[in-house]
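Down below is the structure, laid out as structure tokens.
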Amino acid sequence: MAIVEHLAAVNGSIASVGYGLAAIGPGIGVGLIFGNGVQAMARQPEAANLIRSNMFIGFALTEALALIGIVMPFVYGVK
């Protein structure tokens, strides 16, 4: 019963905790995208332009997830 009372006491900052958890996935994704992109360009320098363009498209899609994560607490009514 004490755990439920404690969780009820932190309802004001639950949106920031939720966004912090939502930012973990895109953070890992961006690191993987750029790490693997640099590694691919080192292995095949002749395909660097194609790899770079695909890398930036993947980065934009991954960052869109982070932006959705920051907007969702406001959509669901943070009080």
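The values are calculated or read from the model by the stated rules, or taken from the named source; none is laboratory data. Because the structure is predicted, anything quoted here is derived from the model rather than measured. Methodologically, a virtual Cβ is constructed for each residue, glycine included, from the backbone with ideal geometry; neighbour enumeration extends over all protein chains shown. Heads up: the accessible areas ignore ligands, DNA and RNA and are worked out on the full protein's heavy atoms, side chains in. Shrake-Rupley method; radii C 1.70, N 1.55, O 1.52, S 1.80 Å.
Collect the residues in the range 16-60 that are open to solvent by 80 Å² or more (accessible area, probe 1.4 Å) and under 10 Å from the mean Cα position of the chain (by Cα), keeping them in residue-number order. Correct list: LEU21, ILE24, ILE28.
Consider only pairs whose beta carbons are under 7 Å apart and that are at least six residues apart or on different chains; among these, list those whose first residue lies in the range 53-73 and is in contact (Cβ under 8 Å) with a residue 24 or more places away in the chain and whose second residue is of a type in the set (Gly, Ala, Ser). Once the first residue is in contact (Cβ under 8 Å) with a residue 24 or more places away in the chain and sits in the range 53-73, its partners that are of a type in the set (Gly, Ala, Ser) give THR62/GLY29; LEU65/GLY25; ALA66/ALA23; GLY69/ALA22; GLY69/ALA23; PRO73/ALA15; PRO73/GLY18. Looking at the range 8-79, the helices (runs of 4 or more DSSP H) lying wholly inside it that each contain 3 or more residues that are at pLDDT 95 or above sit at 24-43, 48-75.
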